[in-house]
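This report refers to the structure that appears directly beneath it.
Just so it is clear, none of the values below were taken in a lab; they were calculated from the coordinates. Because the structure is predicted, anything quoted here is derived from the model rather than measured. Cβ placement follows ideal geometry from the backbone for every residue including glycine, while neighbour counts extend to all protein chains displayed.
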Amino acid sequence: MAKYVDGFVLPVPKKNIEAYRALAKKAAKIWIEHGALEYRECVAEDMDVDMGIPFPQLTKIKKTETVVFAWIVYKSRTHRDRVLERVMNDHRLTDMDPKAIPFDCNRMSFGGFDVLVEAKEKA
């Protein structure tokens, strides 16, 4: 069964990484409680690449920022829509002070994706 993934790429001020980590842990708990299969948030480590457009260039980060790459896995687009509706109505997010968000939401890239290929390590 092909899964569905929401993907995110966003610049985060380096000084806010720990605050972002706390927010990401809270978000992960909420998404999983509402049915997401997997939730990952990753911070840039090796951005010195020789091919393609490096994430820092793509996101136009400042010297004081880093890149976060994240994804959430669902059973299907329909499943994502159900989970997202519950998440967006969760008081733990709706009651959050927008000023407390440790990054600029307007600079976040987001999209939903059908899984084209899936491979896993053999157990």
Expected sort for Trp31, Trp71 with the fewest Cβ neighbours (10 Å cutoff) up front is Trp71, Trp31
Across the chain, qualifying lysine pairs (alpha carbons under 22 Å, at least 8 places apart or different chains) come out at 25
As a Kirkwood estimate from alpha-carbon pairs, region 4-112 has a hydrodynamic radius in angstrom of 14.8 Å
Amide H contacts under 5 Å for Glu38, restricted to residues at least 5 apart in sequence or on another chain and with H modeled in the peptide plane, are Val73
Expressed as a whole-number percentage, the relative contact order of the chain with C-alpha contacts under 8 angstrom and at least six residues apart is 48 percent
Mean projected area (nm²) from the convex hull of Cα positions in region 76-123 is 5.9 nm²
For region 29-43, Karplus-derived ³J(HN,Hα) couplings (6.51, -1.76, 1.60; θ = phi - 60°; whole Hz; x for glycine and proline) come out as 4, 5, 4, 5, 4, 8, x, 4, 7, 7, 9, 10, 10, 10, 9
